[in-house]
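Notes to accompany the following structure.
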Amino acid sequence: MSKFNKKKGGELPAVNTASLPDIVFMLLFFFMVVTVLRKDNMLVQQKLPKADQVEKLKKDRSVFIYAGKPSSRYKEKFGTEGKIQIGDKYTDINALEFALSEARSKLIPELQGKVVVGLKVDEQTNVGLLQDVKEKLRDLNMVKIIYITAPGNDVQQ
Amino acid sequence: MGRRATPEVNAGSMADIAFLLLIFFLVTTTIEKDKGIARQLPPKQDEQPPVDIKEKNIFVVTVNKEDQILADNELMDIQDIRQAAISFLDNGGDGSCDYCKGEKDIASSDNPEKAIITVKSDRETSYKTYIQVQNELVAAYNFLRNRESERLFGFEFTKVKSAIATGDFKGNEERAQAKLKEIQALFPMKLSEAEAKKSQ
């Protein structure tokens, strides 16, 4: 009657993991595609104010200006006054024009006339600094700006 | 003539390698989500032609260096700005605006065409408050535009606008654009910014 004997050692069969690499690769490709390696090294604090009446920014025609107090690790060297950053270095307000036209020349030629300036300004900055920047932008005739904000709204209705 | 089968490569560590790469990309990923309040700066002009605007058609919002807000000569909390701006824009004092639902107060704005909102700020005003005020004022315009597009066309202005911007709009885009233009003309956004003054 050995035919009906159960097999000895009824261990669970191992789960087939052959497709595991495929799954992982799929995830890998997804993240590879959506990843944007951050180009600019942040020298200023960037806690953006919140707003909810927002529009989307068109990436291909934008130039960024960062402003805020120097980040904590640069505090000792540069103090705590609000500063402007373009690309990956601090820019003086008077050198703004040069830095901006340089940044604009990196865009593709067809879109250089339609450039939008994205202002990423820390919420603790004074409006005065922003005012100086806007004045320079008007001189340069780059009049389309967008105040980049974080999603949400602190104001209770 | 022994045909030896080529030994199979052990692919067991493939998953580990892929995991390693996956974790690297997971950590470095910052999914960019840049959104913000768009503005157009006034072009540079040497001489500003003097414009005659009645005082009642201007809604002045002043933010001082302590981030206190004065709207239409009243000290106001940030929560009340939106409603105040809506009632100013929607007033329709001279009766030429047949879609306005406001109080028709003669002391307030004539019609949305003429109504102008001005934001004055101090150089030491914080950017956070400044953006909050801007946001509330844009919200006031959006509220009125939504109301009118709901009434005329049965859709929400802001929803359709963002759908077109992201390319998710289903239907005739050109016709929708024309409708949006029409709504914008009903409540044209006249938001000006006075230069920040130096604080004493």
Give the residues of the range B:15-45 that are open to solvent by 80 Å² or more (accessible area, probe 1.4 Å), within 7 Å of another protein chain (Cβ to nearest Cβ) and within 30 Å of residue A:135 (Cα to Cα), sorted by residue number. B:35, B:40, B:44
Could you list all residues from the range B:152-170 that are open to solvent by less than 60 Å² (accessible area, probe 1.4 Å) and either under 19 Å from the mean Cα position of the chain (by Cα) or small (Gly, Ala, Ser) (or both)? B:154, B:155, B:157, B:158, B:160, B:163, B:164, B:167
Pair list, Cβ < 6 Å and 6+ apart or interchain, from the range A:19-38 residues that are over 9 Å from residue B:29 (Cβ atoms) and of a type in the set (S, T, N, Q) to residues that are at pLDDT below 80 and open to solvent by 60 Å² or more (accessible area, probe 1.4 Å): none
Residue B:129 passes all but one of (1) part of a helix (DSSP H, G or I); (2) closer than 30 Å to residue A:133 by Cβ; (3) within 14 Å of chain A (Cβ to nearest Cβ); (4) touching a Phe, Trp or Tyr at 6+ places or on another chain (Cβ under 9 Å); which number fails? (4)
Which count do you get for residues in the range B:132-149 that are more than 10 Å from chain A (Cβ to nearest Cβ) and aliphatic (A, V, I, L, M)? 1
The condition of being at the interface with chain B (Cβ under 9 Å from one of its Cβ atoms), open to solvent by less than 50 Å² (accessible area, probe 1.4 Å) and in contact with a Phe, Trp or Tyr (Cβ under 8 Å, 6 or more places away or on another chain) holds, among A:57, A:119, only for A:119
Residue by residue through the range A:83-98, note down the ones that are surrounded by fewer than 20 Cβ atoms within 10 Å (Cβ to Cβ) and touching a residue at least 12 places away in the same chain (Cβ under 8 Å). A:87, A:88, A:89, A:90, A:93, A:97
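Per-residue answers, yes or no, for (1) within 11 Å of another protein chain (Cβ to nearest Cβ); (2) in a loop (DSSP other than H, G, I, E, B); (3) modelled with pLDDT of 85 or more; (4) over 29 Å from residue B:82 (Cβ atoms):
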| site | (1), (2), (3), (4) |
| --- | --- |
| A:81 | no, yes, no, yes |
| A:102 | no, no, no, yes |
| A:110 | no, no, no, yes |
| A:128 | yes, no, yes, no |
| A:133 | yes, no, yes, no |
| A:141 | yes, yes, no, yes |
When you scan the range B:83-92, do you find a residue that is facing another protein chain (nearest Cβ under 10 Å) and open to solvent by less than 80 Å² (accessible area, probe 1.4 Å), even just one? no
Report the residue count in the range A:64-79 for those that are modelled with pLDDT under 85 and not aromatic (Phe, Trp, Tyr). 7
Within the set of pairs 6+ apart or on separate chains, which have a first residue in the range B:38-67 that is of a type in the set (Gly, Ala, Ser), a second that is surrounded by 10 or more Cβ atoms within 10 Å (Cβ to Cβ) and modelled with pLDDT under 85, and C-beta atoms under 6 Å apart? B:38/A:55
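The values are calculated or read from the model by the stated rules, or taken from the named source; none is laboratory data. Only a predicted model underlies this, so the values are computations on that prediction, with no experimental measurement involved. Here Cβ is always computed from backbone atoms with ideal geometry, including for glycine, and neighbour counts include all displayed protein chains. When the accessible area is computed, the model is the full protein with side chains, heavy atoms only, and any ligands, DNA or RNA have been set aside. Shrake-Rupley method; radii C 1.70, N 1.55, O 1.52, S 1.80 Å.
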